[in-house]
Amino acid sequence: MARNFCDYRILLIVAAAAFFFIQMRLFATQSEYADRLASAVESENRCTSQTRLLIDQISVQQGRIVALEEAKKRQDEECGHLRALVQDLEKRGLQRLIDKKEVHVAAVVVMACNRADYLERTIESILKYQSTVASKFPLFVSQDGPDQSVKSKALSYSQLTYMQHLDFEPVQTERPGDMIAYYKIARHYKWALDELFYRHNFSRVIILEDDMEIAPDFFDYFEAAATLLDNDKTIMAVSSWNDNGQKQFVHDPKVLYRSDFFPGLGWMLLKSTWDELSPKWPKAYWDDWVRLKEVHKDRQFIRPEVCRTYNFGEHVDWKSMDLSYLSEDKFSKYFANLVANAKHVHGTDAVLKAYNIDGDVRVQYNDQADFERIAHQFGVFEEWKDGIPRTAYKGVVVFRFQTPRRIFLVSPDSLRELGIQHT
C-alpha cells in the first residue's frame, strides 16, 4: 500500500512537472506570437499611414490635373472662338470683294506684329490711294502674335481683312547668336503667303511692311507691271523699292530697271513663283535667301529709279507707259546702249573726274574690294550678296549723280556680258 502511494506521488510530480513545462512553452509561444502580432500591427499601421499619404498626394495631383484640363478646355474654347471670329471677318471681307465682281490685280498684305502706331500710319497711307481701286487690290493685314493693340487697330478698319498668325512653337536657332525675331518673321511670311495664295487663291500678292508709306501711283505701277510679270518668266518679282533711292541718287520717276539683286520692301510675286518657294522656305533671313543664285536662278527683279513706297511728288500715269523695253531681250540692248554711250573714266581719282564731266559716266571696278571703295566714295550701297552688288544688273550698278547724269559702276565681266568693247 505504501509503495503504491509512493508511485502515485511520483506520477503526480512527473505530471505536474510536465504540466508546468507545457505551460511554460505555451507562455513562451504566446509571448512570441504576441510580439509578432504587435510587429505586424505596427507594420500595418505604417503601411496604412503611407498609403493615406500617397492617396493624399495622388488627390492633390489629380486636382492639379483637373485644373489644368479645365484651363486647357477654356483656352481651346477661347481659341475656337477667336478662330471663328477671324474666319467670319475674313468671309465678310472676301464677300465684299466677290460682290464687286471685278478681276483682282493682286492682294495687298501689310505684315504687322506689335507696332500699332506704325500700322495705323501705313494703313492710312494705303487707304488714301486704294479706295478707288479697292476691288482690284483687296487689302489684308496679317499680324504675327497676340498684341491686342495691333489687333484692335486692324479690326477698326472696315476696308480690310484681318488675319492673325498665332505660333507658340519654341524657336530653335541654327547658329549661336542668331536673333529669334528673324525666325519668327520667316514663319509669319510663309504662313501669310500660304494663306493668300492657297486658301484665298489669289494669283498675285503685294507684300508691304508696317512701316511704309506709298506713293500716289503705287497701285498704277503694280497694275502696269502685272502683265509684264505674267508674261516674262525671266522676272521673279516686281519691287517698288530702289536701295539707292535717296534723293541725291535719283531723277526720273518714269525710269525702271531690271536688277539681279532682290530689293524687297514693297514687292509683288506670282502664285507660280510661290509654288516653287513655299516648300523650301528658309527658317530665317528669308530676304537674303531669295538673293541666292540657287534660289532666284538668274531671274531678275523690276525696280524703279524713284521708290514707290514713299512719295517724291510726281505722279506717273503708268497705264499709258510702254513697259515692253523691260523684257529681257529688249532691256539688255537698251541698257547696253546706255552704258556704252557713257564716258569712261578711270584711276583712283575717278570720282573727282566724274564731277567735271557733263553727261553719263562709266567707272570701272576690278573686284569686290575695288567696287566697295568706289561705291563708298560716291555714297551708294557697298553690299554684295552671292557675288551680286546691291541693285546691280549684270554686275552694273547705276544711280544719278548731280542729276540728271547717270553713273554706271561696271566690271570687265559686265562689259563683256553686255557686248561692250573694253576701253
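The values are calculated or read from the model by the stated rules, or taken from the named source; none is laboratory data. Source: prediction; values computed, not measured. With ideal geometry, Cβ positions are generated from the backbone for all residues, glycine too; neighbour counts draw on all protein chains shown. The accessibility values were calculated without ligands, DNA or RNA, using every heavy atom of the protein model including side chains. Shrake-Rupley method; radii C 1.70, N 1.55, O 1.52, S 1.80 Å.
Summary of computed values
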item	result
Qualifying position, being open to solvent by 80 Å² or more (accessible area, probe 1.4 Å) and modelled with pLDDT of 95 or more, among N337, N356	N337
Condition met for W286 (of a type in the set (F, W, Y), more than 29 Å from S125 (Cα to Cα) and open to solvent by less than 30 Å² (accessible area, probe 1.4 Å))	no
Single condition A369 does not satisfy, out of (1) under 36 Å from the mean Cα position of the chain (by Cα); (2) in contact (Cβ under 8 Å) with a residue 12 or more places away in the chain	(2)
Residues located in the range 376-423, provided they are under 17 Å from G347 (Cβ atoms), β-branched (V, I, T) and open to solvent by 20 Å² or more (accessible area, probe 1.4 Å)	T423
Check on F219, open to solvent by less than 30 Å² (accessible area, probe 1.4 Å), modelled with pLDDT of 95 or more and within 14 Å of F137 (Cβ to Cβ)	yes
Matching residues in the range 313-333 - criterion: being open to solvent by 70 Å² or more (accessible area, probe 1.4 Å) and under 25 Å from L265 (Cβ atoms)	E314, H315, D317, K319
Criterion (under 13 Å from V306 (Cβ atoms) and either of a type in the set (S, T, Y) or touching a helix residue (DSSP H, G or I) at 6+ places or on another chain (Cβ under 8 Å) (or both)) met by exactly one of S272, S239, S278, S259	S239
Per-region count, the range 170-218, residues among the basic types (K, R), in contact with a strand residue (DSSP E or B) (Cβ under 8 Å, 6 or more places away or on another chain) and under 14 Å from A107 (Cβ atoms)	1
